[in-house]
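Throughout, read-outs are computed from the coordinates displayed, never taken from laboratory work. Predicted, not measured: the structure shown is a model, and the values here were computed from it. So basically every Cβ, Gly included, is an ideal-geometry build from the backbone, and we count neighbours across all protein chains shown.
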Amino acid sequence: MPTKSARALSEAETPHSAVVRFGMDQPLLLDAGQFFAPLQVAYQTYGTLNAARTNAILICHALTGDQHVANIHPVTGKAGWWEIMIGPGKLIDTDRYFVICANVLGACMGTSGPSSLNPETGKPYGLDFPVVTIGDMVKAQAMLVEHLGISQLLSVVGGSMGGMQVLDWAARYPDRVFSAMPIATGAKHSAQNIAFDEVGRQAVMADPDWRGGRYLEEGTRPIKGLSVARMAAHITYLSEQALQRKFGRELQNREARTFSFDADFQVESYLRHQGSTFVERFDANSYLYLTRAMNYFDLAADHGGRLAHAFTGSKTRFCVISFTSDWLFPTSDSRAIVHALNAAGAPVSFVEIESDKGHDAFLLDEPALFSTMGGFLEAAAKARGV
Amino acid sequence: MTDAELRDHSAATQARVDYLVVADMVTPGARVLDVGCGDGALLTLLTERKGVDGRGIELSREGVAQCVARGHAVIQGDADTDLIDYPTDCFDYVVLSQTLQATRNPRKVLEQMLRIGRHAVVSFPNFGHWRVRSSLFFNGRMPVTANLRYNWYDTPNIHFCTIADFVALVDEIPARIDKAVALNASGAELGFNAPWWFWNIMGEQAVFLLRRV
């Protein structure tokens with residue numbers, strides 16, 4: 001039986017997902033200024049597209065998520081990352097809506113990324129893969145949505161990096177987005193966000209097994225570096241309160257300190273576990289590319305320095321949601337989005353949800369999140385006649 | 001009905017009368033911002049009857065969630081601190097319904113409203129009403145009436161004013177009064193020709209349509 005990491009590697013080329021390939025005749029013009037082709041997009045769908053093609057909802061995944069939003073993950077065997085939100089009879093009811101989730105450009109679960117084979121060399125791209133942006137991810141998703149014959153999405157929904165894609169979708173294709181839910185996100189990365197990502201990237205690149213990005217060819221894997229990157233990042237996904245509540249200063253399966261550098265504390269053991277399970281399913285180079293895409297995201301800069309200009313004349317209905325204890329994308333980031341949408345005259349709703357669970361709250365069972373999203377989606381569906 | 005139910009019933013009826021007066025002051029199809037929009041009842045009324053393009057601000061998350069579920073675009077925020085973020089002249093009407101007395105700085109809030117919108121519609125309970133006066137005069141106690149149902153120590157209403165006080169503030173800002181309506185305890189409009197002093201005693205609540213000068 002192949003190991004999880006071997007299975008993960010095979011997902012990059014031949015995923016357990018539907019796949020659409022865009023050939024050399026349909027190149028994707030990247031923000032970096034070059035054309036990318038051929039392009040493969042791996043995606044999952046749930047539910048049925050109605051005859052009027054008006055009930056499609058696109059879910060955008062976060063940095064370490066993927067398209068397996070509401071099904072058993074082919075590598076880890078775990079439930080989909082938003083299965084509490086999406087499924088038959090659930091808030092995003094797949095008996096009623098047609099839900100699409102695509103692996104983003106640059107990732108490692110079947111959409112073209114640095115671990116895909118470069119058709120020119122027959123070897124994995126590695127660092128020859130072009131640096132992509134949030135906008136490039138959205139353009140690739142738009143090609144998929146068009147391929148599926150959908151001219152307007154009922155809603156585009158996502159948290160964190162997924163929320164950045166939601167904002168880019170709404171700015172880039174206002175007529176194709178009836179409603180948008182950017183959650184726990186920002187219209188740009190802060191210096192602190194970029195700083196944490198740089199720590200992660202440097203950890204990966206400092207691992208001798210990274211081999212200048214050519215580890216797949218050389219048969220090594222920079223699991224130590226990627227694991228450290230994940231550990232550092234994971235701290236930013238939780239609040240200080242959540243860490244304290246979960247672990248405090250409790251010791252891990254021992255009565256007393258060992259006076260060593262073993263994982264004495266539960267929090268150490270937890271982070272090590274987060275690191276080691278992450279490297280089984282995620283490609284180190286993809287981690288570099290996706291964090292870079294987030295760092296480069298600055299929607300205002302793309303629109304003459306004024307965020308409101310990104311949404312001028314937009315008829316899309318927005319529902320912006322933040323969490324009180326999220327310090328990675330604090331409420332002030334969401335308020336900046338709301339101010340811009342207001343200035344642009346776009347219909348926008350906003351709530352800040354009380355939670356001590358930090359950034360990751362958007363993935364968890366937060367009743368206030370569910371009631372807000374449910375009410376918004378219901379009203380949007382009603383207005384769209386779904 | 002018990003006394004409490006009667007009070008609730010009367011309060012609910014009055015709220016609706018108050019909303020109807022506000023709705024009368026708004027032109028059809030206008031862009032309206034409802035500050036302190038609660039569960040969205042006024043926004044719904046304005047959207048259905050006047051076809052307005054309505055938006056709201058509401059302090060409580062539960063209120064925002066109810067508004068959002070009714071299809072309204074409402075932001076969780078505070079009249080005292082968040083109006084400043086709206087561009088000048090982005091609404092035709094900015095409505096403040098029974099909320100002025102709960103703001104920390106009523107004058108600033110009014111000024112912001114008149115900056116954001118060409119018109120401001122303000123409704124508030126009149127602290128000059130005879131019931132309030134008699135409660136103070138005869139009992140020497142802060143009034144607790146159908147319209148003012150809190151004790152002094154737990155009330156969110158920190159800046160009560162009378163109709164005369166409000167008119168003086170409008171003069172100071174300055175703004176123009178395009179229309180004013182006072183409602184008596186049963187929700188009926190007081191005669192238009194009655195003098196201010198009469199309104200100030202008989203009006204339980206008042207609704208003003210203001211315009212920037």
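Taking the Cα centre of the range B:15-164 as origin and charging only Cβ (+1 Lys, Arg; -1 Asp, Glu), how large is the dipole, in debye to the nearest 20?
Working: 16 positive and 16 negative charges, 103 e Å.
Dipole about the Cα centre, nearest 20: 500 debye.
Taking a point 7 Å out from the Cα of A:H234 in the direction of its Cβ, the residues of the range A:358-381 whose backbone N falls within less than 19 Å of it are A:358-365.
Please work out how much length the chain gains when fully extended from A:K382 to A:K90, using 0.36 nm per residue of separation minus the C-alpha to C-alpha distance, in nm with one decimal. Don't skip to the end; give the middle numbers.
On the way: separation 292, 0.36 × 292 = 105.12 nm, distance 1.73 nm.
Computed gain between A:K382 and A:K90 is 103.4 nm.
Size descriptors for the range B:122-197 (Cα atoms only): Rg and Dmax, in that order, 13.6, 38 Å. Taking N as the residue count of the range B:51-116, its C-alpha radius of gyration divided by 2.2 N^0.38 Å amounts to 1.10. To one decimal place, what orientation-averaged projected area in nm² is obtained for the convex hull of the Cα set of the range A:289-386? Averaging across all directions leaves 7.4 nm² for the Cα convex hull. With the biggest extent put first, the Cα atoms of the range A:230-311 measure 60, 29, 19 Å across the principal axes. Residues A:I59, A:I86, arranged from fewest to most other Cβ atoms within 10 angstrom of their Cβ, appear as A:I86, A:I59. In whole angstrom, the range A:177-299 maps to an equivalent ellipsoid with semi-axes of 28, 23, 12, each derived as √(5λ) from the alpha carbon gyration tensor and ordered largest first. Here the contact order of chain A, divided by its residue count and restricted to Cα pairs under 8 Å and six or more residues apart, works out to 17 percent. Computed over Cα pairs, the Kirkwood radius of the range B:74-169 leads via Stokes-Einstein (0.692 mPa s, 37 °C) to a diffusion coefficient of 225 µm² per second. Exposed loop sites were defined as trypsin sites (Lys or Arg not before Pro) in DSSP loop states (anything but H, G, I, E or B) carrying at most 12 other C-beta atoms within 10 Å; in chain B the longest segment without such a site runs B:1-103.
Counting only lysines at least 8 places from A:K90 when in the same chain, those with an alpha carbon closer than 23 Å to its own are A:K78, A:K357, A:K382.
Restricting things to alpha carbons, find the Rg to Rh ratio for chain B using the Kirkwood radius for Rh. Can you show the working numbers first?
Numbers: Rg = 16.6 Å, Rh = 17.5 Å.
Looking at chain B, the ratio lands at 0.95.
Separation of the range A:169-239 and the range A:316-386, taken as the distance between their Cα centroids, equals 23 angstrom.
Within the range A:263-304, the ratio Rg/Rh, alpha carbon atoms throughout and Rh by Kirkwood, equals 1.26.
Quick check on chain B: helices-only [θ] at 222 nm, where DSSP H runs of length 4 and up contribute -39,500 (n - 2.57) each and the sum goes over total residues. Nearest 500, please.
Per the formula, -11000 deg cm²/dmol.
One Cα centroid belongs to the range B:127-196, the other to the range B:12-74; the line between them spans 23 Å. For the range B:83-96, 3J(HN,Hα) computed residue by residue from phi via the Karplus equation (6.51, -1.76, 1.60; θ = phi - 60°) reads 5, 4, 7, 8, x, 5, 6, 8, 10, 7, 9, 10, 9, 10 Hz, glycine and proline entered as x. Treating each Cα of the range A:54-199 as an identical point scatterer and summing with the Debye formula, the log10 of I(q)/I(0) at q = 0.14, 0.16, 0.17, 0.22 Å⁻¹ comes to -0.72, -0.92, -1.03, -1.46. Inter-label distance, B:D53 to A:S190: 3.3 nm, where each label sits 7 Å from its Cα along the C-beta direction.
In the range A:223-267, which GluC sites (Glu not before Pro) are in a loop and have at most 11 other Cβ atoms within 10 Å, using DSSP for the loop call? Write out the running numbers ahead of the final one.
Values: sites: A:E240, A:E250, A:E255; in loops: A:E250, A:E255.
Sites meeting the loop and neighbour criteria: A:E250, A:E255.
Report, in deg cm²/dmol and to the nearest 500, the calculated mean residue ellipticity at 222 nm for chain A, where each DSSP H run with n ≥ 4 adds -39500 (n - 2.57) and the sum is divided by the residue count.
Working: 11 runs with 138 residues, N = 386.
Taken over chain A, the calculation gives -11000 deg cm²/dmol.
Over the Cα atoms of chain A, the radius of gyration divided by the Kirkwood radius equals 0.96; this is the Rg/Rh ratio.
Mind checking the mean number of beta-carbon atoms from other chains within 10 Å of the Cβ atoms in B:46-58? Provide the component values of the computation, followed by the final result.
On the way: counts 0, 0, 0, 0, 0, 0, 0, 2, 1, 5, 1, 1, 2.
The per-residue average across the peptide is 1.
The phi torsions of the range B:190-203, fed into the Karplus equation with coefficients 6.51, -1.76 and 1.60 and a -60° offset, translate into couplings of 7, x, 5, 8, 5, x, 3, 4, 5, 4, 5, 9, 8, x Hz, rounded to whole numbers, with Gly and Pro shown as x. Convex hull volume per residue, computed on the Cα atoms of the range A:333-386, equals 88 Å³. The amide H of B:N126, built 1.01 Å from its N in the peptide plane, has B:Q205, B:A206 as neighbours under 5 Å, considering only residues 5 or more places off or on other chains.
Partners of A:K315 within straight-line reach, counting aspartates and glutamates whose Cα lies under 16 Å from its Cα and excluding those fewer than 8 residues away in the same chain: A:D168, A:D175, B:D53.
Take chain B, mark every one of the chymotrypsin sites (Phe, Trp or Tyr not before Pro) that falls in a DSSP loop and has at most 12 other Cβ within 10 Å, then report the longest stretch left between them, sites excluded. Please report the intermediate quantities before stating the final value.
Numbers: sites that count: B:Y150, B:W152, B:Y153, B:F192.
Between exposed loop sites, the widest span is B:1-149.
Between A:F370 and B:E189, the simple label model (points 7 Å from Cα in the Cβ direction) yields a spacing of 4.8 nm. Each peptide in A:147-155, A:25-33 was scored by the mean count of other Cβ atoms within 10 Å over its residues; highest first, the order is A:147-155, A:25-33. Note on A:Q252 and B:E111: the model spin-label points, each 7 Å out from Cα along the C-beta direction, lie 5.8 nm apart. Here the gap between A:E217 and A:N118, fully extended at 0.36 nm per residue and compared with their Cα-Cα distance, gives a gain of 34.4 nm.
I'm a student and want to see the number: the projected area of the Cα convex hull of the range A:1-82, averaged over all directions, in nm².
7.7
For a straight C-alpha distance cut-off of 16 angstrom, the aspartates and glutamates reachable from B:K108 (same-chain residues fewer than eight places away being disregarded) are B:D78, B:D80, B:D82, B:D85, B:D165, B:D171, B:E172.
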